[in-house]
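Structure first, then comments.
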Amino acid sequence: MVPDVAIAAESPPLSQTTAEMLRRAMELALHAPSVHNTQPWRWRLCDHAVELHADWNRHLICTDPDRRDLVISCGAALHHLRVVLAGLGSGSSTDRIPDLENSAHLATLHVRPTPPDPHDAELFQAIPRRRTDRRRFSGVPVGAALMQALAVRAGDLGAALHPVTDERARARLDAALAEAAAHQHHTLGYTAELAIWTRRYAGARDGIPADSLPCLGAGPEGSWLSRFPRGRLACIPGEPCDDAGVLMVLATPGDTTLDRLRAGEAASAVLLEATRMNLATLPISQVLEVSHTRRRLRLDILRTPDHPQLIIRAGWAPPNAAELPATPRRRLEAVLMQSD
């Protein structure tokens, strides 16, 4: 158990105002990004607290064999919940991995009668604006000061953000990304699993709708950019095809469930901070889902003892790029668990 602060032995009964605030916070936290928009989490409302549980029924067995993506997704939802509470003026504390006999219970967030964290509160307005952008970025580079600000956000949550800017390291990373895409393409069941979550029925509240996918043409180059194998991202009409997007690897000291949960929180913080800066972003997990490319990323590309958990691509959208639609989200009632 990893508490942020000591938890009071008893809490007063949950007031109607607090219950309404927590329900509103959970609804907004559903905007968190998740692998294939599976939204693999469940909430339980308790006295002055919200429990976060993994939904193992939404585990992508072929895509995410060790549940890394699922736990990172839940970590992003946990951070979103904390940001929303801060934006609503409430302080909070978090117990991570509070029940060693229940692996699905990943965290409990407690409402506190303290001022909200100002760093969390300033990210609140970015939640409805954030999008996963799989399109080409413009040729305008992301400045070093902005990348450093993103690294600080990750560091605040116990993770490190490694920009891959060296030309030779970037070439090795591109090769690893392409190799991971090819490996998964030939993994039994992967393409069927991918099709299920990218060809959802009309009115579905999960998965990736067609209008959120890039326009793809022929050729294998750049297929990893969209996360979906085989295809080349098309240029925006009237814009040059040079793309100055930067790849940043989010890493943690260990590779336990707690580390992966922390990585998800850090990913949420980085994505929301980037959105606040008006940067476009794309989380990329494919290279981490294949054991040998994940090992290559750690030892041959980053050359770090840290464990890579996620890649985040950031850049500037072209000036005439259309605004991306919001991806669908499940209703709160669909992810609420009954209280004991």
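Worth pointing out:
- Every residue from region 107-140 that is in a loop (DSSP other than H, G, I, E, B) and more than 16 Å from Pro318 (Cα to Cα): Pro113, Thr114, Pro115, Pro116, Asp117, Glu122, Leu123, Ile127, Pro128, Arg129, Arg130
- Listed by first and then second residue, the pairs with beta-carbon distance under 7 Å, at least 6 apart or on different chains, first residue in region 291-312 and more than 18 Å from Ala178 (Cβ to Cβ), second of a type in the set (Asp, Glu), are His307/Asp255; His307/Asp259.
- Contact annotation: residue pairs with Cβ atoms under 8 Å, 6 or more positions apart or on different chains, pairing a residue in region 72-98 that is touching a residue at least 24 places away in the same chain (Cβ under 8 Å) with a partner that is surrounded by fewer than 24 Cβ atoms within 10 Å (Cβ to Cβ) and of a type in the set (Lys, Arg), are Val84/Arg24; Leu88/Arg24; Ser90/Arg112; Gly91/Arg112; Ser92/Arg112; Ser93/Arg112.
- Just one of (1) in contact with a strand residue (DSSP E or B) (Cβ under 8 Å, 6 or more places away or on another chain); (2) assigned to a loop (DSSP other than H, G, I, E, B) fails for Leu60. It is (1).
- Cross-chain or 6+ apart pairs with Cβ under 9 Å, region 105-126 first and free of Cβ contacts under 8 Å to residues at least 12 places away in the same chain, then surrounded by 15 or more Cβ atoms within 10 Å (Cβ to Cβ) and part of a strand (DSSP E or B): none
- Boolean, Val35 is closer than 18 Å to Gly91 by Cα, of a type outside the set (D, E, K, R), modelled with pLDDT of 95 or more and not assigned by TED's automatic domain parsing to the domain that holds Glu289: no
- Hey, Ala77 crowded, with 20+ Cβ neighbours inside 10 Å, modelled with pLDDT of 95 or more and under 30 Å from Thr191 (Cβ atoms) or not: yes
- Region 60-74 - residue that is of a type in the set (Asp, Glu) and surrounded by fewer than 24 Cβ atoms within 10 Å (Cβ to Cβ) and, of those, nearest to Ala192 (Cα to Cα): Asp64
- The set of residues from region 156-174 being among the small types (Gly, Ala, Ser) and surrounded by 14 or more Cβ atoms within 10 Å (Cβ to Cβ) comprises Gly158, Ala159, Ala160, Ala169.
- Test result for Leu150, in contact with a strand residue (DSSP E or B) (Cβ under 7 Å, 6 or more places away or on another chain), of a type in the set (A, V, I, L, M) and crowded, with 19+ Cβ neighbours inside 10 Å: yes
- Qualifying residue in region 92-101 (condition: within 30 Å of Val287 (Cα to Cα), part of a loop (DSSP other than H, G, I, E, B), under 20 Å from the mean Cα position of the chain (by Cα) and not assigned by TED's automatic domain parsing to the domain that holds Gly264): yes
- Criterion violated by Ala86 - all others in (1) part of a helix (DSSP H, G or I); (2) touching a Lys or Arg at 6+ places or on another chain (Cβ under 9 Å); (3) over 27 Å from Gln286 (Cα atoms) satisfied: (2)
- Residue check, Gln309 farther than 25 Å from Asp242 by Cβ and among the polar types (S, T, N, Q): yes
- Considering Arg67, Arg82, the condition of being out of contact with any Leu (no Cβ under 6 Å at 6 or more places or on another chain) and over 18 Å from Gln309 (Cβ atoms) is satisfied by Arg82 alone.
- Scope region 317-330; condition buried (at least 20 other Cβ atoms within 10 Å of the Cβ) and within 20 Å of the chain's Cα centre (by Cα); matching residues: Ala317
- Close pairs (6 angstrom Cβ cut-off, 6 or more residues apart or separate chains): touching a residue at least 60 places away in the same chain (Cβ under 8 Å) in region 186-204, hydroxyl-bearing (Ser, Thr, Tyr) and not in a helix (DSSP H, G or I) anywhere: Glu193/Thr63
The values are calculated or read from the model by the stated rules, or taken from the named source; none is laboratory data. Being a predicted model, the structure only gives us computed values, none of them experimental. No Cβ is skipped: glycine too gets one built from the backbone with ideal geometry, and neighbour counts run over all protein chains shown.
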